[in-house]
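Colleague: Below is one structure. I have some questions about it.
Each reported figure results from applying straightforward, stated rules to the coordinates on display, with no laboratory input. A quick note: this is a predicted structure, and the numbers were derived from the prediction, not measured. Reconstructed Cβ throughout: ideal geometry from the backbone, glycine too, with neighbour counts over all protein chains shown.
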Amino acid sequence: MSGTSAATYGTVTKTFHWLTALLILTIIPLGAIANRLPYETNEQLALKAQLFSFHKTLGIIVFAVALARIIWAVTQTKPASLHPDRKVETMLADIVHWLLYISLVAVPLTGWIHHAATEGFAPVLLPISQDLPFVPNDENIAKLFAGLHWVWSKIMVGSLLLHIAGALKHQFIDKDATLRRMWFGHADPVSTGAHHGTLAAPVAAVLIYIAATAAGAAAGLYTVKSDIVQADLADVSSEWTVTEGEIALTITQFGSPVAGAFNDWTSAITFDENATGVMGQVETTIAIGSLQLGSVTSDALGADFFNANTYPTALFTADIVANDAGYVAEGTLTIKDVTAPLNLPFTLVIDGDTAQMEGAIEIDRRTFGIGQSMSDETNLAFGVVVDIALTAIR
């Protein structure tokens, strides 16, 4: 029998039930183990990322299976409880079922949105885009859905445990056919009529979700928090005033680019396009704590990388000279306690008193002692591409 009747569940329903159970009982420990694993070495980070990739991939499969299961379920007749006289028990069972139905969609969906809103670390192992329509790469969105995923996954685990406990009670205490009629093979049908649910159970399940979500908000789980102290940069006096610009960087993690940018920096610039030799100077101060780098932002600002609390700013000072391709800012870059030579080639277009500059350079992170625990390029490439673009007025 492929369809469900008032007496027993059909083969398709049973298949959906046990496939979902297998996936959920795999995905929950995968996520818990991956979350607790250290990532202080290349090998540890690789294992952690691999487990998270499996967790995310199975989550998307659960989401697809859950949607198919729900669509199938609404077209079928559901057998009633074997003990309709136990009204409280039946109501609790209905609430748990509704919590599971909501969880099977809401939990993987929030995890998927969190993944799409970040860049880098543990890609989904399916031939689909890592992004989602209408979901921008945004740290605040990522934090919101990461928090929802955490809170709602606890509802899923709780309802799953209650569901298992109820099934075991039916099997070993009540000794009835509740579990047998959901298992494969021949089982004597027990007709108690079709299940007629009420709005009370789904409404109660939704209220539980609302209460848990509100508790998460009260605990601050949906907002970005950081113990990084961001430098407060002073205003600078400059012959050329930057009106807009970006200092972006791209790292390569697990073979995939992860793009980010520093959101707070100042530049003091002097420049005379008619001069010969040294045509000007530039001094740029960057607030390291303003870095946004997708899912790895907090790690990038930590002690093994930029160590933003100890070294809150980076400094680039240079003389500007012309070359055959355009211009070069010949100077030094100081990050953490390391100062190293850096020559930044760039193009410059001046229209009256407005200048537009673009430059790019690749820097070896090892020069500045960044990511010393990542001693090879298995997980994190040595090269970091820095792209600079700005508009300034005289």
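Colleague: Looking at segment 9-122, how many pairs of lysines come closer than 29 Å at the Cα, when each pair is eight or more places apart or spans two chains? Present the calculation step by step, with values, prior to reporting the outcome.
Modeller: Details: Lys14/Lys56; Lys14/Lys78; Lys14/Lys87; Lys48/Lys56; Lys78/Lys87.
Close lysine pairs found across segment 9-122: 5.
Colleague: What is the helix-to-structure angle for 11-36, meaning the angle in degrees between its Cα long axis and the longest Cα principal axis of the chain, kept from 0 to 90 and rounded to the nearest 10?
Modeller: Approximately 40 degrees, to the nearest ten.
Colleague: Helix-derived [θ] at 222 nm for the chain: sum -39500 (n - 2.57) over DSSP H runs of at least 4, divide by residue count, nearest 500?
Modeller: On the way: 6 runs with 141 residues, N = 394.
For the chain, the value works out to -12500 deg cm²/dmol.
Colleague: Related question: Can you list the residues, at least 5 places off or on another chain, whose amide H is less than 5 Å from the amide H of Leu333, using H built in the peptide plane?
Modeller: Here Ala340, Leu342 satisfy the definition.
Colleague: On a 0 to 90° scale, report how tilted helix 139-168 is relative to the longest principal axis of the chain, with both axes built from alpha carbons and the result rounded to the nearest 10.
Modeller: 20
Colleague: Another question, if that's okay. Specify the angular offset, from 0 to 90 degrees and rounded to the nearest 10, of the alpha carbon long axis of helix 200-218 from the longest principal axis of the alpha carbons in the chain.
Modeller: That helix lies at roughly 30 degrees to the long axis.
Colleague: Determine, for each peptide in 86-92, 11-17, the mean count of other beta carbons within 10 angstrom over its residues, then list the peptides with the highest first.
Modeller: Values: 86-92: 13.4, 11-17: 16.9.
Per-residue mean Cβ counts within 10 Å order the peptides as 11-17, 86-92.
Colleague: So what are the radius of gyration and Dmax for the Cα set of segment 241-393, in Å?
Modeller: For segment 241-393, the Cα radius of gyration and maximum Cα-Cα distance read 15.9, 49 Å.
Colleague: Could I ask something else about it? List the relative contact order of the chain as a percent without decimals, with contacts defined as Cα pairs under 8 Å and 6+ residues apart.
Modeller: Working: 712 pairs, mean separation 58.4, N = 394.
It comes to 15 percent, rounded to a whole number.
Colleague: Per the Kirkwood treatment, what hydrodynamic radius in Å, one decimal, follows for segment 31-81 from the mean inverse distance over all distinct Cα pairs?
Modeller: 13.4 Å is the Kirkwood radius here.
Colleague: Let me ask something additional. For a distance above 31 Å, tell me the whole-number percent of Cα pairs in segment 11-218 that qualify. Each step should come with its number before you reach the end.
Modeller: Details: 5786 of 21528 pairs.
The answer is 27 percent, as a whole percent.
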